[in-house]
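Only one structure is covered here, and it is reproduced in the block below.
The values are calculated or read from the model by the stated rules, or taken from the named source; none is laboratory data. Bear in mind the structure is a predicted one, so any value in this text is a computation, not a measurement. Here the Cβ is made from the backbone with ideal geometry for all residues, glycine too, and neighbour counts use every protein chain on show. Side chains included, ligands, DNA and RNA excluded: accessible areas come from the protein's heavy atoms. Shrake-Rupley method; radii C 1.70, N 1.55, O 1.52, S 1.80 Å.
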Amino acid sequence: MHEFVDGDPVSLGRITPGLAASIGQAVAAIHALPTSVVADVGLPQLRAVDVVRESTSTLDRAVSTGLVPAGLQRRWELAVEDTTLWQFTPTVINGALAASSFLAIAETVTGVLGWSRLQVADPARDLFWLLGAPDAAVPDAAFDAYHQARGVHDKQLGRRAVFAAELEVARWLLHGTASRSQEIIDDAVGMLHALLDRVHTDMTASLAAEPARPSTLTDAHDLAGLRSAGGLDLQPVGAASPASPSRPGSGDDVATPPTPRD
């Protein structure tokens, strides 16, 4: 028996800063759940080292295709090698959040849909999709509300979210190779090169490096060129179903997510 939850489905392009703040609070509430909720039913529990290992495996498999630009490969290798980036406390996460996961009335979240990927892991996994919002103020509002609701400040949360968002493109490439779909492979390769064009000025720096500018998500969003009619629809590839992962972008609007402030 399921209880009816009132509210309308949320779409990424229609998220306002006010709704983003409510989303940040809702995600914080999920992350505040005791880890025993997951442990007691035998669901996955990933430590920080496990998250790094999983990311490294994805990177290595993507690189082995010979289709990942060298600049992106180096950028991602620096990220997984930077120990400061991975100093976080694993929390309960939904594991498959996207804009469509939320129901809302006006600017207030009323419910969260889809719990099949519940686990203990990196909290950034539940937040990275917000970086694709066409409104540059949305990520700032969501991350600020999240930190305030949690009462703790994960200094590298935003940068891990950026890394997770970029790695979704590598996962899309792997899905194409696994399914032997040249259309998906070509699509992923185009996205990788578009991403490379957007981040080429930061190729020698780790995603965890402290940037002089931009200092905020909003500044970075503008500089990355993410403002568009459709935005970048970043969703967890394979989160809902390994057989039918979501494409991490749409059209030609493929860009690196912004580098958040601490």
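Scanning the range 176-209 for residues that are charged (D, E, K, R) and modelled with pLDDT of 95 or more returns Arg180, Glu183, Asp186, Asp187. Being more than 11 Å from Arg247 (Cβ to Cβ), in contact with a helix residue (DSSP H, G or I) (Cβ under 7 Å, 6 or more places away or on another chain) and either open to solvent by less than 10 Å² (accessible area, probe 1.4 Å) or not in a helix (DSSP H, G or I) (or both) is the filter here, so list the residues in the range 176-197 that pass it. Within the range 176-197, Leu192, Leu195 meet the criteria.
Taking the range 125-175 as the range and being part of a loop (DSSP other than H, G, I, E, B) and either of a type outside the set (Asp, Glu) or at pLDDT 95 or above (or both) as the test, the residues that pass are Leu127, Ala133, Pro134, Ala136, Gly151, Val152, His153, Lys155, Gln156. The set of residues from the range 9-28 being part of a helix (DSSP H, G or I) and touching a helix residue (DSSP H, G or I) at 6+ places or on another chain (Cβ under 7 Å) comprises Leu12, Pro17, Ala20, Ala21, Ile23, Gly24, Gln25, Val27, Ala28. Can you go through Gly42, Gly18, Gly71, Gly114 and tell me which one is touching a residue at least 12 places away in the same chain (Cβ under 8 Å) and on the phi > 0 side of the Ramachandran plot? None of the other options fit; the residue is Gly114.
When Ser64, Ser101 are checked against the criterion of being out of contact with any helix residue (DSSP H, G or I) (no Cβ under 6 Å at 6 or more places or on another chain), open to solvent by 20 Å² or more (accessible area, probe 1.4 Å) and small (Gly, Ala, Ser), a single residue qualifies: Ser64. State yes or no: is Arg125 under 10 Å from the mean Cα position of the chain (by Cα), open to solvent by 30 Å² or more (accessible area, probe 1.4 Å), within 27 Å of Asp60 (Cβ to Cβ) and touching a residue at least 60 places away in the same chain (Cβ under 8 Å)? Yes: the conditions hold for Arg125.
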